[in-house]
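A short worksheet on the structure shown next.
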Amino acid sequence: MNKYQRVDFRDQISINKWKSFFLMVGLFFVIIIFGYVITLATGPEYFFIIMILAVIFSITYILISFYNSDKIAIASVGAKKASKTEHKQYYDLVEGLTLASGMPMPRLYVMSSLQINAFASGRDPAHAVICVTEGALQKLDKKELEGVLAHELGHVASYDMRYMTIVAVMVGMISIISQIFLRSLWFGGGRGGNDKNGAVYMVIAIVMAILAPIVVYLVQMAISRKREFSADASAVKFTRYPPGLINALKKIKTDYAPEEKKVSKAVAPLFFANPFKGLSRTHPPLEKRIEVLERM
């Protein structure tokens, strides 16, 4: 694609949704192939037991996290509820965006941090929260702040928390299957030593058990990056003003606020920009996001 070719935000949203979908299909096939290899190496009965345990553990953990995602995210960063008088512009901007988009008003919070950042959480628009840092409220002008808030509402409108929860279930299942399979080998699990083919399948299964969690983690991070591009495009859809979000991203590039120490790495993918210094697998490079937005 030509660097200067214009891109419609609707096309950008559609493209990233399809890319996310195909990455999820890829995760599903990893589970199928991994399961098939373990079945060949150990027998279908053995794999059936592993699958039951993996499904129970992963779904239980994810459901608890999913239905309490907003509370967990807010509590983990020590955010406080925003004041309608002290943070009037913040309230007014979100209210205007929700009215324009037909979305319910989320609960608003402010996090003590000098960084320019924000995040959204919640299982659906009716249970959504948006949290911004004090640094964002102080350093961004009205249009820039509106762009950031529209990005977060884009995550809410796209049900990204629900989407990423499904991905997390699949990734969790593969990780648990790998751990159970590898640990069971210490107790003589499998039938790899019975024949030559069984031994070959056992070696393949062990290699996949080691590599599969790494591969699916990278796929999960790729999906997360695609959702960030989609949320950027949604922000343009809501505001019809790309320069607001572009200028906010440029300010983040030159912002020298200290690295946020109290943000858990588990919550970091929710943020508008990586709260930790250095490269991030969960967020696209700021330069790439700016480049895409400048073509809209």
The number of residues in the stretch 88-98 that are in contact (Cβ under 8 Å) with a residue 40 or more places away in the chain and over 21 Å from PRO125 (Cβ atoms) is 1
Which condition number does ALA128 fail, the rest of (1) free of Cβ contacts under 8 Å to residues at least 40 places away in the same chain; (2) of a type in the set (A, V, I, L, M); (3) in contact with a strand residue (DSSP E or B) (Cβ under 9 Å, 6 or more places away or on another chain) being met? (1)
When the stretch 136-156 is checked residue by residue, the ones that are surrounded by fewer than 21 Cβ atoms within 10 Å (Cβ to Cβ) and in a helix (DSSP H, G or I) are LEU137, GLN138, LYS139, LYS142, LYS143
If we keep only residues of the stretch 48-77 that are among the small types (Gly, Ala, Ser) and within 22 Å of PRO125 (Cα to Cα), then the residue surrounded by the fewest Cβ atoms within 10 Å (Cβ to Cβ) is ALA75
Identify the residue in the stretch 102-122 that is crowded, with 17+ Cβ neighbours inside 10 Å and of a type outside the set (A, V, I, L, M, F, W, C) and, among all such residues, is nearest to the chain's Cα centre (by Cα). SER121
So for the stretch 200-210 (the condition being among the β-branched types (Val, Ile, Thr), surrounded by fewer than 22 Cβ atoms within 10 Å (Cβ to Cβ), under 25 Å from the mean Cα position of the chain (by Cα) and modelled with pLDDT under 80), does at least one residue qualify? no
Can you say whether VAL236 is aliphatic (A, V, I, L, M) and over 30 Å from LEU185 (Cβ atoms), as far as the supplied structure shows? yes
Conditions (1) under 30 Å from ILE59 (Cβ atoms); (2) among the charged types (D, E, K, R); (3) in a helix (DSSP H, G or I): number failed by GLU95: (1)
Report whether or not VAL132 is within 25 Å of the chain's Cα centre (by Cα) and either farther than 29 Å from HIS283 by Cβ or modelled with pLDDT of 90 or more (or both). yes
Scanning the stretch 251-267 for residues that are modelled with pLDDT under 90 and buried (at least 17 other Cβ atoms within 10 Å of the Cβ) gives GLU260, VAL263, VAL267
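The values are calculated or read from the model by the stated rules, or taken from the named source; none is laboratory data. Fair warning: this is a prediction, and the values are worked out from it, not measured in the lab. Glycine also receives a Cβ, built like all others from the backbone with ideal geometry; neighbour counts cover every protein chain displayed.
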